[in-house]
1. Full extension from ASP111 to THR199: what is 0.36 nm times the residue separation minus their Cα-Cα distance, to one decimal in nm?
2. Return the tail of the calculated pair distribution for the chain, meaning the percent of Cα-Cα pairs more than 31 Å apart.
3. Just the number, please: Stokes-Einstein D of region 237-326 in µm²/s, Kirkwood Rh from C-alpha pairs, 37 °C, 0.692 mPa s.
4. About the Cα centre of region 237-326, how large is the charge dipole given +1 on each Lys and Arg Cβ and -1 on each Asp and Glu Cβ? Please answer in debye to the nearest 20.
5. Please arrange ARG141, ARG325, ARG146 by how many other C-beta atoms lie within 10 Å of their C-beta, fewest to most.
6. When only DSSP loop residues count, what GluC sites (Glu not before Pro) in region 195-293 have their Cβ near at most 14 other Cβ atoms within 10 Å?
7. As a test of the formula, what do you get for the chain when each DSSP H run with n ≥ 4 contributes -39,500 (n - 2.57) and the sum is divided by the residue count, at 222 nm and rounded to the nearest 500 deg cm²/dmol?
8. Among SER283, SER278, SER135, which comes first, then next, by fewest other beta-carbon atoms within 10 Å?
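Values in this text are rule-based calculations from the coordinates and carry no lab data. Computed from a predicted structure; not experimentally measured. Every residue, glycine as well, gets a Cβ built from its backbone with ideal geometry; the counts of neighbours run over all protein chains shown.
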Amino acid sequence: MGRITLDKVRKAFGDVQVIPPLDLTIEDGEFVVFVGPSGCGKSTLLRLIAGLEDVSGGQIRIDGQDATRVPPAKRRLAMVFQSYALYPHMSVRKNIAFPLRMAGLDKAEQDKRVNAAADVLNLTDYLDRRPGQLSGGQRQRVAIGRAIVREPAAFLFDEPLSNLDAALRVGMRLEISELHKRLKTTMVYVTHDQVEAMTMADKIVVLRAGHIEQVGSPLELYRAPRNLFVAGFIGSPKMNLIGGALAAQHDATTIGIRPEHIAVSTDAGDWHGTVGVSEHLGSDTFFHVTCEGIAEPVTVRVGGEVALHYGDSVWLTPDKSQIHRFDTEGLRIA
Ligand SMILES: Nc1ncnc2c1ncn2[C@@H]1O[C@H](COP(=O)(O)OP(=O)(O)OP(=O)(O)O)[C@@H](O)[C@H]1O
Ligand SMILES: [Mg+2]
């Protein structure tokens with residue numbers, strides 16, 4: 001079991017309120033991602049759940065039981081950090097077994113759990129090595145192994161992949177998703193990378209200045225962002241946000257259209273513009289087009305390669321059914 005409920009939880013450091021009163025329910029078995037810009041309070045919120053910080057108010061319940069004042073070690077939660085915090089002088093086996101040794105489990109049970117975790121994480125061949133003899137990805141797996149053996153009610157991850165290079169991050173992202181499918185244990189995962197959030201989460205919690213901007217599945221957030229902040233944060237490349245007369249034609253203060261929902265033509269269309277910088281990814285091309293009557297360049301995403309060059313004259317046509325409308329407060333207009 002691993003249902004976590006935050007009830008009006010708040011946190012201040014001295015006079016500075018970092019988390020205003022916040023309500024959130026994380027269901028048993030869910031993969032929940034906290035995402036938001038640097039300093040928005042993601043780590044603080046995770047540390048409050050873990051018990052590594054005391055709340056300034058409100059209640060935290062784990063499986064219905066009040067855990068607000070329960071010490072971290074008794075919350076049955078396992079935390080995995082960006083810095084792996086492995087013991088350099090101990091073998092992988094001893095590192096993974098460490099929390100079990102501390103808890104005084106007998107040797108046979110320790111071995112059983114370490115071997116099972118090593119099997120799940122493909123670390124069986126590395127159990128006798130020291131952390132210094134492993135790659136970054138392998139070290140992160142050891143840190144995850146140390147969390148798995150505790151058989152926690154939930155895993156708490158704080159940017160566990162930030163130290164890894166881009167290719168390894170993608171690989172580890174898949175491994176953690178796979179692990180969640182197999183273990184079916186609640187996972188709460190902090191990242192500032194919206195691609196990680198979109199690809200891993202059952203439920204995304206978008207935070208800004210300690211405040212929840214929106215909670216929903218990745219596709220809910222993609223399809224119906226509640227406000228301009230979420231609209232700009234979820235999706236890569238970013239949604240185009242356009243104000244002025246064009247938005248007024250749609251009865252809005254700002255309209256949003258994603259790069260993948262705009263068609264390009266050299267003959268005809270709704271908006272006339274000039275091609276600026278292009279980004280060629282092979283699978284896709286992103287064009288940045290300066291359009292007449294639109295302040296910011298419009299980003300357009302086209303599948304594959306398209307023969308358009310810097311300075312070419314083009315027409316853009318947004319898919320009308322994919323236009324998002326926002327009011328003066330930046331809130332979505334239904
Ligand atoms: N111990 C502390 N004392 C005072 N202020 C703190 C403390 N810990 C965090 N803060 C402040 O609380 C805010 C939230 O910090 P937090 O570490 O939760 O952000 P974050 O979203 O995890 O950011 P990042 O993406 O950079 O890791 C920041 O403004 C930070 O300066
Ligand atoms: Mg952080």
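1. 28.3 nm
2. Values: 24518 of 55611 pairs.
Value for the chain: 44 percent of Cα pairs lie more than 31 Å apart.
3. Approximately 251 µm²/s, per Stokes-Einstein.
4. 280
5. ARG325, ARG146, ARG141
6. Filter output for region 195-293: GLU292.
7. -8000 deg cm²/dmol
8. Values: SER283 8, SER278 17, SER135 11.
Ascending number of Cβ neighbours within 10 Å: SER283, SER135, SER278.
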